[in-house]
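Quick notes on the structure that follows.
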Amino acid sequence: MGLSDVEPGLRNEEGIEAVIGVLRQRFGEQLQTGEALRAQHAHTTTYIPGQLPDAVVFPGSAEEVKLIVRACADHRVPVIPFGTGTSLEGQVNAPNGGISIDMSRLDKVLEVNAEDLDCTVQPGVTREQLNTYLRDTGLFFPIDPGANASIGGMTATRASGTNAVRYGTMRDNVIAVTAVTASGEEIRTARRARKSSAGYDLTRLFVGSEGTLGVLTSITLRLQGIPQAISGGVCPFPSVEAACNAVIMTIQMGIPVARIELLDALQMKACNAYSKLNNPESPSLFLEFHGTDAGVAEQAALFGEIAAECGGGEFLWTTNLEQRTELWKARHNAYWASLQLRPGAKGISTDVCVPISRLAECVAETQEDIAAHGLIAPIVGHAGDGNFHVLILLDTDVPAEITAAEDFVGRLNARALAMDGTCTGEHGIGQGKRPYLPLEMGESVSVMRQIKQALDPMNIMNPGKIFPFEG
């Protein structure tokens, strides 16, 4: 990855001017062209520079999404779907210019089928909004990437998060979607049945497509029952390797842990300072167990034995809601806590994922790489599924620091691929990870290109993402 990979594309100036005129006439104040708003819709929380769309439109229905896409298709103008802007690899940038479709007004829960444990929502519904809506049903949606992201954005980037070790990722929890394709037609990928052998699995095709195949207009999701009891806690370890070995043993023994998060010593230091905690500043695991009162107590006790065998300290756990909330709030604020380690710095937030048996080795080698090159880069990860994140803090006004950080990211990805892992466990490809996709997928990338060409022959759907830039 390098800033040189985030290049501008060819702009269709005449088409952009024409489509803005058409959309302004149709949508009035729902279309905005102010620079500040356009900059917000190219927002990225990493060092990747923003590339602004030419206009932002706020549809209020799927029919309006179809009208927008058809107008853009008529004039060969790019369409960039926008949820809440929390993606990390430049997915919402507009390298060719074009129209950003802000889905925030499509924010209705359309249907809840409590008996079937599923619901259908519009793409602008956020995960926190959905769980608030579901609270009285005794159900919840478990995917928790940390940010209060939109369900549409989470689907488009195949998000996961802290609960993935037990409940899976968006890939496992999306039953069906409706989407407006590049032709302006709305399609439905499946029905609500829990399994089907009917044709190609179009649902999985759209989950993780990052807006390059269509604009999602509804998502049908699997739900889970709210557990009777939840316990959680934190356990320190003498080294990251010891903590990872505890994770591996926990998973291999089949303990149904709901969350098991790794924080290295530097990340614990940052979280203590930012969230005003008093935990040992050593590599640690944050854990959570879901089940019955007896079940979560038994699981916590079993993990305590594993931790002791791996050289860990005392596992302090609780069922107290306030204490658990404090713990997980600190974990979710890890990004902002890390930035305080170097005030004024920007961060490259990158992730890889490896088979669980290689996790300790991969993290240990990554820490050695960080130390050898003098980087400030805390590590935090969804260790239960082999996924971890590194946040490299750098001064973007110093070219040598950018070069060092980008070189490190290249080595990190090469290390993960050498261990039969992936260059991204949950951030997606976007712009930042494009160079690594062919290294991981080989000739399969050409098949992806053929699918893209078949569904989007004019390349108007979020161009410049996933694949190297073409026109």
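The values are calculated or read from the model by the stated rules, or taken from the named source; none is laboratory data. Given the structure is predicted, the values throughout are model-derived calculations rather than measurements. Heads up, the Cβs are rebuilt from the backbone with ideal geometry, glycines too, and the neighbour counts pull from every protein chain shown. What goes into the accessible areas is simple: the full protein's heavy atoms, side chains included, and nothing from ligands, DNA or RNA. Shrake-Rupley method; radii C 1.70, N 1.55, O 1.52, S 1.80 Å.
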By how many degrees, between 0 and 90 and to the nearest 10, does the Cα long axis of helix 359-372 differ from the longest principal axis of the chain? 80 degrees
So how tilted is helix 293-309 from the main axis of the chain? Cα-based, degrees 0 to 90, rounded to 10. 70 degrees
Could you tell me which of rounded, prolate or oblate describes segment 184-298, using a ≥ b ≥ c as the square roots of the eigenvalues of the alpha-carbon gyration tensor, with rounded for a/c under 1.5 and, failing that, prolate when a/b is larger than b/c and oblate otherwise? prolate
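For segment 48-111, what D do you get in µm² per second when you plug the Kirkwood radius from alpha-carbon pairs into Stokes-Einstein at 37 °C and 0.692 mPa s?
Estimated via Stokes-Einstein, D reaches 263 µm²/s.
Just to be sure I understand: if I project the alpha-carbon convex hull of segment 334-471 onto a plane and average over all orientations, what area do I get in nm²?
9.6 nm²
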Summarise the accessible area of segment 311-396 (1.4 Å probe, protein heavy atoms) by the percent that is carbon and sulfur. 51 percent
P(r) of segment 231-344 in 10 Å steps, Cα pairs, percent per bin? 15, 47, 31, 6, 1
In whole Å, what is the distance between the alpha-carbon centres of segment 256-301 and segment 339-387? 18 Å
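For every helix of n ≥ 4 consecutive DSSP H residues, a contribution of -39,500 (n - 2.57) applies; sum these over the chain, divide by its total residues, and give [θ] at 222 nm rounded to the nearest 500 deg cm²/dmol.
Numbers: 17 runs with 171 residues, N = 471.
It comes out at -10500 deg cm²/dmol, rounded to the nearest 500.
Averaging the inverse of every distinct alpha carbon separation and then flipping it gives the Kirkwood radius. What is it for segment 1-102, in angstrom units?
Taking every pair of different Cα atoms in segment 1-102, averaging 1/r and inverting gives 13.7 Å.
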Structure shown: which of LYS276/LYS465; LYS346/LYS433; LYS108/LYS276 lie over 29 Å apart, alpha-carbon to alpha-carbon? LYS276/LYS465; LYS108/LYS276
In degrees from 0 to 90, rounded to the nearest 10, what is the angle of the helix 399-418 Cα long axis to the longest principal axis of the chain? 70 degrees
Relative contact order of the chain, please, whole-number percent, based on alpha carbon pairs below 8 angstrom and at least 6 residues apart. 17 percent
Net charge near ALA300: determine it from the other residues with C-beta under 13 Å of the C-beta of ALA300, scoring Lys and Arg +1 and Asp and Glu -1. -3
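Before anything else, pin down the relative contact order of segment 119-192: Cα pairs under 8 Å, at least 6 apart, normalised by residue count, whole percent.
23 percent
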Total formal charge among the other residues, if their Cβ is under 13 angstrom from that of HIS382, Lys/Arg +1 and Asp/Glu -1: -3
Please give the peptides 82-90, 344-352, 309-317 ranked by average Cβ packing (other Cβ atoms within 10 Å per residue), highest first, as a rough proxy for protection. 82-90, 344-352, 309-317
Segment 95-171 to segment 181-232: how many Å between their Cα centroids? 10 Å
Please give every one of the aspartates and glutamates within straight-line cross-link reach of LYS452, meaning a C-alpha to C-alpha distance under 14 Å, and leave out same-chain neighbours fewer than 8 residues apart. GLU210, GLU470
I'd like the Karplus ³J(HN,Hα) series for segment 247-264: coefficients 6.51, -1.76, 1.60, θ = phi - 60°, whole numbers in Hz, and an x wherever there's a Gly or Pro. 4, 4, 5, 4, 5, 5, 7, x, 5, x, 5, 8, 9, 8, 10, 9, 10, 7
Quotient of Cα radius of gyration and Kirkwood radius for the chain, i.e. Rg/Rh, equals 0.97
Excluding ligands, DNA and RNA, what is the solvent-accessible area per residue of segment 1-132 at a probe of 1.4 Å, expressed in Å²? 41 Å²
Carbon and sulfur: what percent of segment 35-163's accessible surface (1.4 Å probe)? 47 percent
Let a ≥ b ≥ c be the square roots of the eigenvalues of the Cα gyration tensor of segment 154-218; is it rounded (a/c under 1.5), or, if not, prolate (a/b larger than b/c) or oblate? oblate
Once the other residues with Cβ under 12 Å from the Cβ of SER183 are scored (Lys, Arg +1; Asp, Glu -1), what is the net sum? -2
Throw me the Rg/Rh for segment 398-454, computed over C-alpha atoms with Kirkwood Rh, two decimals. 1.05
Alpha-carbon gyration tensor eigenvalues x 5, square-rooted, for segment 297-341, Å: 25, 16, 7
Using the Kirkwood formula over every pair of different C-alpha atoms, what hydrodynamic radius in Å results for segment 101-194? 13.9 Å
